[in-house]
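The values are calculated or read from the model by the stated rules, or taken from the named source; none is laboratory data. Note that this is a predicted model, so its numbers are computed, not measured. FYI the Cβ positions are ideal-geometry reconstructions off the backbone, even for glycines, and counts take in every protein chain you see. These area figures cover heavy atoms from the full protein model, side chains too; ligands, DNA and RNA do not enter into them. Shrake-Rupley method; radii C 1.70, N 1.55, O 1.52, S 1.80 Å.
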Amino acid sequence: HPIMLFLDDMQWADSTDIDVIHTILSDTMGSSCMFFVGTYRDNEVQVDHDIFDLIERLEISNVRTTKVNLAGLDQEDLNTMISDALCLYPRICKSLSDILFQKTKGNPFFVLEFMQSLKSHGLLQYNIHQKRWVWNEDIIRAEDITDNVLHLLSSKMNGLSGDVQTLLKVMACFGSSTNESVIGYLNESAEYAGVRNGLEGALSDGFIVKDEEGSLQFVHDKVREAAYNLIPDSDKKQFHYHLGKSLYSFCDGEDVGDTIFLIASQINHGKEWILRDEDLSVCISELNMKAGEKALDGCDHNTAYSYLGAAL
C-alpha cells in the first residue's frame, strides 16, 4: 500500500534526520510505495545546509524529485481573499488589498495578522448602518503600523495576561511543540503555577493548537519566535535553566521517557548557573548521562554525543 510522508520545516533537520530520509527514499525495495513531501524556508538555510546534500544524493540515486517554489499571493488572489473575508465585492475592497499587498508581499499569515492589527487599532470597523466593513486607506497609510510581523505579534503578546505570557515563554523555550503533560508538571511549582490557566488563554487566542493526543504546538514558527522574544536576551539562559530545574525537581527518580531530553537541554542552556549550583551539579551530570544513554538506545549518535559531553 502506498504511503505519503509529509515533513514541514525541514530547515531545522540535522544530519541524522537527513540520513534517515535518504535511506528510506533510496531503498530500491520499497521506495516505489513512498510519496515524500518536504518543505523548508529558503531564507533560513545556508548553501551548505544538509537539505541540499539530500537533494543531490537523491538525484544520484535516481530518485525522481520535483522542486516547487511557493511565493506569496499575487495582488489579484489577495484581493479575492480580502473580498471573501469581508464579504464585499473585489472592486470595493481593492484599495485595502493593495495596501495589504504592499505591506505583506502577499504572505497569507502576515495578511491575517495585519488585518487583526487594523481591527484592534480601530482602522477596520464594521459599520452597522451600512452593514459592511469600512476603512480609510489614507489613515491606514499614515498610521505608523510596522510591516514586520514579529513586531505585530510581539505587540499583541505584550497586552496579554501574565499567565498567558509565561506559558508562551515556556513553550518557546521548548521549541515548536511539547506535550500537555509537561505543562502539568510545571503547574505544580510555585514559579509556574499559572501556566495551566495561561494555556487556556493561549489556545483561545489562537497562538497554540492542541491535538487529540495532548500535543501542543505553535500555529506558526513566527509566533514561536515572537513568544521567545518576550524573554530579554540577557535573561534567556537563566530562564532556560530555571525552567529545566523546575521540571527536574518534579521528575527526579521517575521514568519520564523522552521528556528527559527536554529537561536536560533546558538545564544545559544555563551552563554558568550549573557551576554556581554545586548541590545539583552531580545530579545534572547524571541526568545528562541518562539522556545520552537513551539517545544511544535510539541510535541518535549526534544527540548522544552532545548529552554525554555535557555530563563530563
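In this entry, the stretch 170-312 is assigned a mean projected area of 9.0 nm², taken as a quarter of its C-alpha convex hull surface.
Net charge within 11 Å of G270 by Cβ-Cβ distance, Lys/Arg positive one each and Asp/Glu negative one each, not counting G270 itself?
Values: positive: K236, K237, K245, K271, R276; negative: D235, E272, D277.
Value of the local net charge: +2.
Charging the Cβ of each Asp and Glu at -1 and of each Lys and Arg at +1, and nothing else, the dipole of the chain about its Cα centre rounds to 1200 debye. What angle, in degrees between 0 and 90 and rounded to the nearest 10, separates the Cα long axis of helix 195-204 from the longest principal axis of the Cα atoms of the chain? Tilt of helix 195-204: around 30 degrees.
Considering only DSSP beta bridges with both partners in the chain, what is the antiparallel share in %, to the nearest 5? Approximately 65 percent, going by the DSSP bridge assignments. Packing, taken as the mean count of other beta carbons within 10 Å per residue, orders the peptides 287-295, 128-136 from highest to lowest as 287-295, 128-136. Helix content alone sets the calculated 222 nm mean residue ellipticity of the chain: runs of n ≥ 4 DSSP H residues at -39500 (n - 2.57) each, divided across all residues, give -17000 deg cm²/dmol. Each principal axis of the Cα atoms in the stretch 14-142 has its own extent, and those three values, largest first, are 67, 29, 21 angstrom. The angle between the Cα long axis of helix 278-297 and the longest principal axis of the Cα atoms of the chain comes to about 80 degrees, rounded to the nearest 10. Please give the helix 236-251 orientation as an angle from the longest Cα principal axis of the chain, in degrees from 0 to 90, rounded to the nearest 10. Taking Cα atoms only, the helix is inclined about 60 degrees. For trypsin sites (Lys or Arg not before Pro), the sites in the stretch 80-117 that DSSP calls loop and that have at most 10 other Cβ atoms within 10 Å are R91.
Residue separation times 0.36 nm, minus the C-alpha to C-alpha distance between E59 and D279: what's the value? Walk me through the numbers on the way to the answer.
Details: separation 220, 0.36 × 220 = 79.20 nm, distance 5.39 nm.
Separation in residues times 0.36 nm, less the Cα-Cα distance, equals 73.8 nm.
Percent of Cα pairs in the stretch 72-173 per distance bin of 10 Å, from zero to the largest separation: 14, 43, 28, 13, 1. Per residue, the stretch 24-111 exposes 69 Å² of accessible surface when a 1.4 Å probe is rolled over the protein heavy atoms with every protein chain present. In this model, which of K105/K236; K103/K237; K169/K210; K105/K131 are farther than 28 Å apart at the alpha-carbon? Beyond 28 Å between Cα atoms: K105/K236; K103/K237; K105/K131.
Report, to the nearest whole %, how much of the accessible area of the stretch 1-153 belongs to carbon and sulfur atoms, 1.4 Å probe, protein only. Summing carbon and sulfur atoms, their accessible area is 52 percent of the total for the stretch 1-153. The Cα center of the stretch 103-135 and the Cα center of the stretch 156-228 differ in position by 26 Å. 3J(HN,Hα) along the stretch 90-101: x, 5, 6, 9, 5, 4, 6, 5, 5, 5, 4, 5 Hz, from the Karplus curve 6.51 cos²θ - 1.76 cosθ + 1.60 with θ = phi - 60°, whole Hz, x for Gly and Pro. Listed options for semi-axes √(5λ) of the Cα gyration tensor in Å are (i) 36, 30, 17; (ii) 34, 24, 16; (iii) 40, 30, 16. The value calculated from this structure is the one marked (iii). Evaluated over the Cα positions of the stretch 249-307, the convex hull gives a direction-averaged projected area, one quarter of its surface, of 3.9 nm².
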